[in-house]
Amino acid sequence: MINVLIVGSKYLFNSPGLAIIIFTVIIKLLTYPLTKKQLIASKKMQEMQPKLQELQKKYGKDKARFQKEQAALLKESGAMNIAVCLTP
């Protein structure tokens, strides 16, 4: 990474600050698709909070049943947390 910044600064008017800014923008652009998926999943989870709290009240004593219902609800809504980082 440091070598990229050194070479970049030589091509960008010997300005290490400009090389850092451009390198940061490139990294942000490369990671944008992952960031977008994570934000969408977070929004879905926030929208599901009332339903999850309702399930907690209904099946609070029975942990196995609660986990089963929670997994079904997450699958139904398409808000699987682990799947976000595994899908392209």
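The values are calculated or read from the model by the stated rules, or taken from the named source; none is laboratory data. In this text, all values refer to a predicted model and were calculated from it rather than measured experimentally. All Cβ positions, glycine included, derive from the backbone under ideal geometry; neighbour counts span all protein chains shown. These accessible areas exclude ligands, DNA and RNA; they are computed on the full protein's heavy atoms, side chains included. Shrake-Rupley method; radii C 1.70, N 1.55, O 1.52, S 1.80 Å.
Overview of results
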| quantity | calculated |
| --- | --- |
| Cβ-Cβ FRET estimate between residue 65 and residue 40, R0 fixed at 30 Å, reported to 0.05 | 0.55 |
| Rounded to the nearest 20 debye, dipole of the chain from Cβ charges on Lys, Arg, Asp, Glu | 260 |
| Heavy-atom accessible area ranking, 1.4 Å probe, most first, across 59, 32 | 32, 59 |
| Principal-axis tilt of helix 63-77 within the chain, Cα atoms, nearest 10 degrees | 60 |
| HN-Hα J in Hz across segment 6-17 - Karplus 6.51, -1.76, 1.60, θ = phi - 60°, x for Gly and Pro | 5, 5, x, 5, 5, 7, 10, 6, 6, 10, x, x |
| Calculated Cα extents along the principal axes in Å (choose from (i) 46, 25, 21; (ii) 78, 35, 11; (iii) 65, 20, 19), label | (iii) |
| 222 nm mean residue ellipticity, helices alone, for the chain (DSSP H n ≥ 4; -39,500 (n - 2.57); rounded to 500) | -28500 deg cm²/dmol |
| Stretchable slack from residue 73 to residue 57, in nm (0.36 nm times residue separation minus alpha-carbon distance) | 4.3 nm |
| Accessible surface of the chain, 1.4 Å probe, proportion on carbon and sulfur as whole % | 66 |
